[in-house]
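Below is one structure, written out as structure tokens; the observations come after it.
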Amino acid sequence: MPSYSKNEVILVRYPFSALSGVKVRPAIVVNAPHVSQDVFIVPLTSRITSLLAGEFLLADWAAAGLHVPTALKRGLYTAHETLILKRVGRLTPADAEQVDQSLRQWFRARVDRPGVGTRAQGRAMTLSGEPAEHDSGADGPPRRLFPHTGVSGA
């Protein structure tokens with residue numbers, strides 16, 4: 001079983017959404033080596049204009065084994081190792097640090113707005129923004145966020 005390292009640039013077979021075929025695209029491995037056959041990847045693109053927050057043009061794309069100017073594309077995916085065709089290179093330390101900063105920025109995005117399946121002001125909330133039925137407060141037993149499913153929140 002091949003092991004892929006963080007910051008390796010790889011070629012991956014991306015299935016079309018209708019599963020009618022595949023495209024081969026570059027991506028960056030963003031997880032440390034582990035025993036799973038799934039690898040966390042961030043896609044790359046040659047479309048380098050109109051980039052979104054956290055997307056950026058790799059400064060050393062040629063050193064990473066890429067043939068054209070390439071940008072990091074917002075997204076985090078898992079790919080089974082059988083979808084990975086080959087390693088093409090490795091990010092430079094400067095580009096690797098920028099990838100880490102982008103991932104931190106994407107995950108730091110505000111998802112803790114009241115009423116969007118979060119805790120607001122110390123109370124468990126449902127996806128509709130209502131207090132959870134079995135919210136016992138910080139000192140009581142675990143909260144039952146979705147009583148009909150048995151899923152509990154901490």
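Any read-out appearing in this document is the output of simple, stated calculations on the displayed coordinates, not a laboratory observation. Computed from a predicted model, the values in this text were never measured in an experiment. Don't worry about glycine lacking a Cβ; one is built from the backbone with ideal geometry, like all the others, and counts go over all protein chains shown.
Things worth noting here:
- From most to least packed by mean Cβ count within 10 Å, the peptides 36-44, 67-75 give 36-44, 67-75.
- Per-peptide packing, taken as the mean over residues of other Cβ atoms within 10 Å, places 18-25, 96-103 in the sequence 96-103, 18-25 from highest down.
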